[in-house]
Amino acid sequence: MIFTPIRIKRKRFHIFCVKNKLFVIKGPLGNLTFRVPFTRAGRKIFFFSKALANMFLSRARSLLKGLIYGYFVQLKTEGVGLKFIRFYSAPRLLSLSFGYSHTILYKMPKTISFRCLKYRLLLFSPQLTTLSTHALRIRNYRPSDPYKGKGVKFSTEVLKIKPGKQRQR
């Protein structure tokens, strides 16, 4: 599973520190918040250990990458009768027709924007963790069959098809 960053116009972002040990990063694609234990003395911030400071820097770096570029993943269906349908009356609702006797209704969060192209689903989000969890949840409704290759897969995923039973003569 590869999440490719998409480049959007480079705009400025702002990092705010709130009283209850909460950091808010505002960027062109939205706002992200995360909690880190620290103490404040005026404008300076002191972390309790070097490990916490390194965690804060790495977490802020990954969140900034998501807020500036964003992450994108594409799901494809292989097989007959498998498709994605978007309801335009309910814009956050996704209908998954995966060959079962019923359709599966999946509600997307507000942080993920998506587009349905019948047999492909394009997901875009500034948050990598939410994007990966929801993409994997959708894929787990109908994972790819190892013998025929039918099911839902990521566009970059390469399937290794197993041979079937050998016929005895």
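When peptides 109-119, 61-71, 144-154 are ranked by their average number of other Cβ atoms within 10 Å per residue, the highest-first order is 61-71, 144-154, 109-119. Compared with the alpha-carbon gap, the fully stretched path from T111 to T33 is longer by 26.8 nm at 0.36 nm per residue. One equal scatterer on each Cα of the stretch 119-158, no solvent, Debye formula: the resulting log10 I(q)/I(0) at q = 0.34 Å⁻¹ is -1.26.
The Stokes-Einstein estimate for the stretch 80-169, based on a Kirkwood radius over Cα pairs and taken at 4 °C with 1.567 mPa s viscosity, is a diffusion coefficient of 89 µm²/s.
No lab work stands behind these numbers, since they all come straight from the coordinates. Predicted, not measured: the structure shown is a model, and the values here were computed from it. Positions of Cβ are generated from backbone atoms using ideal geometry, with glycine treated the same way; all protein chains shown enter the neighbour counts.
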